[in-house]
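**Q** Below is a structure I'd like to ask you about.
Readers should treat all values here as calculations from the given coordinates under stated rules, not as data from a laboratory. Keep in mind that what you see is a predicted model, and the values were worked out from it rather than measured. Note that each Cβ is placed from the backbone with ideal geometry, even for glycine, and that neighbours are counted across all protein chains shown.
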Amino acid sequence: MFAPSLLRLALAIGAAGLTTISSLARADAINSNFDVAVPGGAVVYNDRIGNSRFFSGPNTDSIRISTFPVPTRDTDVYGVPSGADTLFSLNGTSTTVSVTHSSLGSFVQPLTFVGQEFDWRGGRNEFTTIFNRANPAIASRLDAFDATPFSITVNNPSAPSVTSLTFSAPDFNKDALPSFLTDVAVKGGGLTPEISWKVPEGSAVTPTRVVVQVRIIDADNPTSITAARLVHQETLPVDRNSFTFSLDSFSNRGVPGFPSGLEVGKRYEMAVNLDYQEGGQLKGRSRTFFEFTPLPGDAGEVAVFLPSVGPNGVFKFDVKVKAGETIFIDPVVAIGYEYQIGEGNPNFASVVLPDIGDGLFDLYLFDGSDWLFESVLAAGAEFYFGAGGVDRFRVLGIETSAGLNPSDVTAFITGVSFAGDGRFTGTMTPITAEVPEPPMTVLLGMALMGLALVQQRRRVH
């Protein structure tokens, strides 16, 4: 799966010395073979992929190279506007693109087509590839990549005249590594919620803009999103730290079968990208991903912090916290889930659970080797862990009849407070029917206390 480029619909950016689309603007070009041209130019930038179930290479820093030539499968289907006409190519499927660099010798890397005819995962006419910066062969060449541009070649043997073009890609800046944003939260119910975030200080470079991308999740499993469509993209000023949905504002609302805004019960993956540009050229991008479902209309104005969801199915947070202050976090579970702080985080001081199912949950604490039953918790009642707090806890007892999807991050809002100030960078792991049962010691203990537990639940009622 590939990231869509910032130049999703660009058809007239141009590049010095390249054939432009104007050479195709003639009446006899309609429904004909196209010559090779690169009207959309190219971009080369550091692509910092955050925690994600959809994008390739989650939690890695890569060099992304994308270019936007014609013809492609997109110009075969969508054509190219030219005055009152639309020019359609017949040879778009024959186009191939590759990239090389003087430091790589004879090595040539092909680019993959990810345009809109590729399930709407990339930009129109986009070919792309990545080099992982952590790969020793790439890490040792970062200075060389910075000093000398990559070379891109576009080929199409079916073109009537210009069958190949080779050009230098834009300069690469190895130090253009913007930080990931933090404290992502949703506020407000219904179909017009506000998403907010914070841009951290101390980034290697100062971001120059924010790009919001929203994808509707069409199919997924606990570890990956298998089908999603880009329904909205919007560029915001760098000093904006929030985005509010409206009912009829999605940028792709005119595409057949695409929604015009959020829909009840649908789930979405949203990326808030921090971009760094030089001279109008994208040089670095950090992508912070999170998933959400619109909250009920009566959800109120409490900010609920959202997690990113990785390929291991674990929810991960990055939120500033203060001692004794309760924040609300929003992952879901099937039958339970496990909370754990991150390295250097303050311990959990208390927890309050939502009213789901029968509103009664079983709390387990970790003794260093086993999970031991601690108490039955009632929905809405804050439970305090005692002096010093705990670094992890587990909640079970959510009825399967509640129908909670372990991949839906807006169904089980939980309040947690902390024993000190700091950041919460911990995780919440869904526990599903496929997860191994608790240790035998716990099962034996539960059997022995069964009758007492029934009586305790009745007293809570």
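**Q** For the range 155-190, name all the residues that are among the charged types (D, E, K, R) and surrounded by fewer than 19 Cβ atoms within 10 Å (Cβ to Cβ).
**A** Asp171, Lys174, Asp175, Lys187
**Q** A further question follows. Within the range 133-150, which residues are among the charged types (D, E, K, R) and in a loop (DSSP other than H, G, I, E, B)? Let's see the steps before the verdict.
**A** Of all residues in the range 133-150, those among the charged types (D, E, K, R) come to 133, 141, 143, 146.
Once the filter is applied, which keeps residues that are among the charged types (D, E, K, R) and in a loop (DSSP other than H, G, I, E, B), the range 133-150 yields Arg133, Arg141.
**Q** For Ser94, state whether it is crowded, with 23+ Cβ neighbours inside 10 Å and closer than 16 Å to Ala37 by Cβ. Talk me through it step by step, then tell me what you get.
**A** Details: crowded, with 23+ Cβ neighbours inside 10 Å: no; closer than 16 Å to Ala37 by Cβ: yes.
So Ser94 fails the test.
**Q** Here's a follow-up. Is one or more of the residues making up the range 235-242 closer than 15 Å to Arg285 by Cβ and part of a loop (DSSP other than H, G, I, E, B)? Steps first, answer last, please.
**A** Start the filter on the range 235-242 by keeping residues that are closer than 15 Å to Arg285 by Cβ, which leaves 235-236, 238.
Imposing the further condition that a residue be part of a loop (DSSP other than H, G, I, E, B) reduces the set to 238.
Within the range 235-242, one or more residues are closer than 15 Å to Arg285 by Cβ and part of a loop (DSSP other than H, G, I, E, B).
**Q** Could you please give the count of residues in the range 142-154 that are buried (at least 19 other Cβ atoms within 10 Å of the Cβ) and β-branched (Val, Ile, Thr)?
**A** Within the range 142-154, the subset buried (at least 19 other Cβ atoms within 10 Å of the Cβ) is 145, 150, 152, 154.
Those left that are additionally β-branched (Val, Ile, Thr): 152, 154.
Of the residues in that region, 2 qualify.
**Q** Quick check on my filter: what residues within the range 52-104 are aliphatic (A, V, I, L, M) and not in a loop (DSSP other than H, G, I, E, B)?
**A** Filtering the range 52-104 for residues aliphatic (A, V, I, L, M) gives 63, 65, 70, 77, 80, 84, 87, 90, 97, 99, 104.
If the condition is that a residue be aliphatic (A, V, I, L, M) and not in a loop (DSSP other than H, G, I, E, B), then Ile63, Ile65, Val70, Val77, Val80, Leu87, Val97, Val99, Leu104 are the ones that fit.
**Q** Would you mind stating whether Asp183 is on the phi > 0 side of the Ramachandran plot and either in a strand (DSSP E or B) or in contact (Cβ under 8 Å) with a residue 24 or more places away in the chain (or both)? Let's see the steps before the verdict.
**A** Values: on the phi > 0 side of the Ramachandran plot: yes; either in a strand (DSSP E or B) or in contact (Cβ under 8 Å) with a residue 24 or more places away in the chain (or both): yes.
Spelling it out, Asp183 is indeed on the phi > 0 side of the Ramachandran plot and either in a strand (DSSP E or B) or in contact (Cβ under 8 Å) with a residue 24 or more places away in the chain (or both).
**Q** Pull up the range 242-296, narrow it to residues that are surrounded by 17 or more Cβ atoms within 10 Å (Cβ to Cβ) and acidic (Asp, Glu), then point me to the one that is farthest from Met428 (Cα to Cα).
**A** Filtering the range 242-296 for residues that are surrounded by 17 or more Cβ atoms within 10 Å (Cβ to Cβ) and acidic (Asp, Glu), the one farthest from Met428 (Cα to Cα) comes out as Asp275.
**Q** Another question, if that's okay. I'm checking my understanding of the structure. Among residues of the range 197-232 that are of a type outside the set (A, V, I, L, M) and buried (at least 19 other Cβ atoms within 10 Å of the Cβ), which one is farthest from Pro256 (Cα to Cα)?
**A** In the first step, residues of the range 197-232 are kept if they are of a type outside the set (A, V, I, L, M); the result is 197-198, 200-203, 206-209, 213, 215, 218, 220-224, 226, 229, 232.
Now drop any that are not buried (at least 19 other Cβ atoms within 10 Å of the Cβ), which leaves 197, 207, 213, 215, 220, 232.
Details: Trp197: 32, Pro207: 35, Gln213: 19, Arg215: 16, Asp220: 22, His232: 14 Å.
Of everything passing the filter in the range 197-232, Pro207 is farthest from Pro256 (Cα to Cα).
**Q** Let me ask something else. Among the residues of the range 210-253 satisfying the criterion of being of a type in the set (Gly, Ala, Ser) and touching a residue at least 24 places away in the same chain (Cβ under 8 Å), which is nearest to Arg124 (Cα to Cα)?
**A** Just the residues of the range 210-253 that are of a type in the set (Gly, Ala, Ser), to begin with: 219, 224, 227-228, 242, 246, 249, 251.
Narrowing further to those that are touching a residue at least 24 places away in the same chain (Cβ under 8 Å): 224, 227-228, 242, 246.
Details: Ser224: 24, Ala227: 18, Ala228: 16, Ser242: 27, Ser246: 25 Å.
Among those that are of a type in the set (Gly, Ala, Ser) and touching a residue at least 24 places away in the same chain (Cβ under 8 Å), it is Ala228.
**Q** Next question. Consider Pro193 against the criteria (1) within 21 Å of Val304 (Cβ to Cβ); (2) surrounded by fewer than 19 Cβ atoms within 10 Å (Cβ to Cβ); (3) more than 15 Å from the chain's Cα centre (by Cα): it satisfies all of them except one. Which criterion is unmet?
**A** For Pro193, the failing item is (2).
**Q** Return the residue satisfying two criteria in turn: it lies in the range 151-174 and is part of a loop (DSSP other than H, G, I, E, B) and in contact with a Leu (Cβ under 9 Å, 6 or more places away or on another chain), and of such residues it is nearest to Val205 (Cα to Cα). Steps first, answer last, please.
**A** Residues of the range 151-174 that are part of a loop (DSSP other than H, G, I, E, B), as a first pass: 156-163, 169-174.
If we keep only those that are in contact with a Leu (Cβ under 9 Å, 6 or more places away or on another chain) too, we end up with 158, 170, 172, 174.
Working: Ser158: 44, Pro170: 19, Phe172: 14, Lys174: 11 Å.
Here the answer is Lys174.
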